[in-house]
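*Asks:* Here's a structure for you.
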Amino acid sequence: MKKRVLVVDDDSLFRKFLLRGLERLGWNVVEAENGEEGLEKLREGGFDAVISDLNMPGKISGLELLIQARNQNVPRLILITADSLSPEEMSILSIHGISLLEKPFTFQQLLYLIP
């Protein structure tokens, strides 16, 4: 059975980049363009990983979405951002076992976090 990953990012080109690369590796990719849509898809369950941008339009940030995913026992959580994180945000990542990828990153760096 294919592993399922949820990719959440408001940049459609970046989402497509991740989608194509992960599908080539055999992942079943579900995509969402903001935190609210991501949370709706997350409720479907059955995800092996969630990759989310930090800052997106709407009320739910990528970090909040990943915390919800942790509460649903999703094993791999990856936050992507081009912004610097505060010490408090870094602490939250650590507490919830969320990996951080800073933009720009290579697909190889992503593969290290999502085998």
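*Asks:* Among LEU85, LEU66, which is the only one that is aliphatic (A, V, I, L, M), surrounded by 16 or more Cβ atoms within 10 Å (Cβ to Cβ), touching a helix residue (DSSP H, G or I) at 6+ places or on another chain (Cβ under 9 Å) and at pLDDT 95 or above?
*Replies:* Result: LEU66 is the single residue among LEU85, LEU66 that is aliphatic (A, V, I, L, M), surrounded by 16 or more Cβ atoms within 10 Å (Cβ to Cβ), touching a helix residue (DSSP H, G or I) at 6+ places or on another chain (Cβ under 9 Å) and at pLDDT 95 or above.
*Asks:* Let me ask another. Which one is nearest to LEU54 (Cα to Cα) among residues in the stretch 18-35 that are open to solvent by 70 Å² or more (accessible area, probe 1.4 Å) and in contact (Cβ under 8 Å) with a residue 12 or more places away in the chain?
*Replies:* For the stretch 18-35, the residue satisfying everything is GLU33.
*Asks:* Looking at (1) at pLDDT below 95; (2) closer than 15 Å to ASP9 by Cβ, can you tell me which one ILE92 breaks?
*Replies:* It fails just one condition, (2).
*Asks:* Any idea which of (1) under 20 Å from PHE107 (Cβ atoms); (2) surrounded by fewer than 20 Cβ atoms within 10 Å (Cβ to Cβ) is the one PRO57 doesn't satisfy?
*Replies:* (1)
*Asks:* What number of residues within the stretch 18-38 satisfy the criterion of being farther than 15 Å from LEU113 by Cα and either charged (D, E, K, R) or in contact with a helix residue (DSSP H, G or I) (Cβ under 6 Å, 6 or more places away or on another chain) (or both)?
*Replies:* 12
*Asks:* So the check is Cβ under 8 Å with 6+ separation or different chains; which pairs have a first residue in the stretch 86-115 that's farther than 17 Å from LEU22 by Cα and a second one that's polar (S, T, N, Q) and modelled with pLDDT of 90 or more?
*Replies:* LEU93/SER99; LEU100/THR81; GLU102/THR81; LYS103/THR81
*Asks:* Based on this model, can you work out whether ASN73 counts as without any contact (Cβ under 8 Å) to a residue 12 or more places away in the chain and either at positive phi or out of contact with any Lys or Arg (no Cβ under 7 Å at 6 or more places or on another chain) (or both)?
*Replies:* Spelling it out, ASN73 is indeed without any contact (Cβ under 8 Å) to a residue 12 or more places away in the chain and either at positive phi or out of contact with any Lys or Arg (no Cβ under 7 Å at 6 or more places or on another chain) (or both).
*Asks:* Could you figure out which of (1) farther than 18 Å from LEU100 by Cβ; (2) in a helix (DSSP H, G or I); (3) in contact with a strand residue (DSSP E or B) (Cβ under 9 Å, 6 or more places away or on another chain) isn't true of VAL30?
*Replies:* Every condition holds for VAL30 apart from (2).
The values are calculated or read from the model by the stated rules, or taken from the named source; none is laboratory data. Because the structure is predicted, anything quoted here is derived from the model rather than measured. Cβ atoms come from the backbone with ideal geometry, glycine included; neighbour counts cover every protein chain shown. Each accessible area value is taken on the protein alone, full model and side chains, heavy atoms only, with ligands, DNA and RNA left out. Shrake-Rupley method; radii C 1.70, N 1.55, O 1.52, S 1.80 Å.
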